[in-house]
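Every read-out reported here was derived from the displayed coordinates using simple, explicitly stated rules and does not represent laboratory data. Note that the structure is a prediction, hence the values are computed from the model and not measured. Don't worry about glycine lacking a Cβ; one is built from the backbone with ideal geometry, like all the others, and counts go over all protein chains shown.
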Amino acid sequence: MKILAFETTDAVASVAVLLDGEVFETVIDTDRRHAESVLPAVEALLSEHGLSTADMDAFAADVGPGSFTGVRIGVCMANALGAAHHKPVVAVDALETLAYPYRGETVCALIDARNGNGYGALYRNGESIKPPCACVIAEFASDLPENCRMVGTATDDPQLPSAANVARIAAARAGEKEIAPLYLKLSQAERMWKA
């Protein structure tokens, strides 16, 4: 199976390709915006392995939560490639990608959304106990089970979501015709409009 995966929900983006169980990832840490840097990174990664987007069996994207613009970039790229090549698209959420390496444990994944706010989820042995939600970080973190590992940008273990984990998770899922962003709260523009 060949899957091309996008992670564009944070300041540092990444793309990955899963080739028959092995994952190759490119981290895009640049001053250029994701809209300008992700596709060239995809082209370079696929070219390195003698592949094109037409060779993929599926496309996957981190659907959030995270940067509203970043989420849309990854979701739109995966949807466009899926539609262009008549291939399935798989949605994976950012919190799940953070918890994935610790799926044998109880894991709290927390993403910083500024001013004490964030996005959180709780997993035990790879299963969701508390689904992704918008939260006040201190409140969410105060109600966790003992021996819970905490990962993510709002913790002392500030890991970022990765395209490699998006690809690994997507490999075990059925795809869809189209995926949608996972927005857990209104954007700033929407909040200002309502006010």
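Report, for the chain, the % of DSSP beta bridges that are antiparallel, rounded to 5.
Of all bridge pairs located within the chain, approximately 70 percent are antiparallel.
When we measure straight from the Cα of residue 177, which aspartates and glutamates land under 15 angstrom away, once same-chain ones fewer than 8 places off are left out?
Cross-link targets: 57.
Can you tell me which lysines have their Cα less than 24 Å from the Cα of residue 185? Leave out same-chain residues fewer than eight positions away.
Qualifying lysines at Cα under 24 Å: 130, 194.
All other residues with a Cβ under 13 Å from the Cβ of residue 166 taken together, and with Lys, Arg as +1 and Asp, Glu as -1, what is their net charge? Don't skip to the end; give the middle numbers.
Working: positive: 168, 173; negative: 7, 10, 25, 62, 93, 96.
Value of the local net charge: -4.
Output the relative contact order of the stretch 48-175, whole-number percent, from Cα pairs under 8 angstrom with separation of 6+ residues. Don't jump to the answer; show the numbers that get you there.
Values: 236 pairs, mean separation 31.1, N = 128.
Normalised by residue count, the contact order of the stretch 48-175 is 24 percent.
Using DSSP to call loops (not H, G, I, E or B), can you name the GluC sites (Glu not before Pro) in the stretch 120-195 whose Cβ has at most 10 other Cβ atoms within 10 angstrom?
Numbers: sites: 127, 139, 146, 176, 178, 190; in loops: 146, 178.
Sparse-neighbourhood loop GluC sites (Glu not before Pro): 146.
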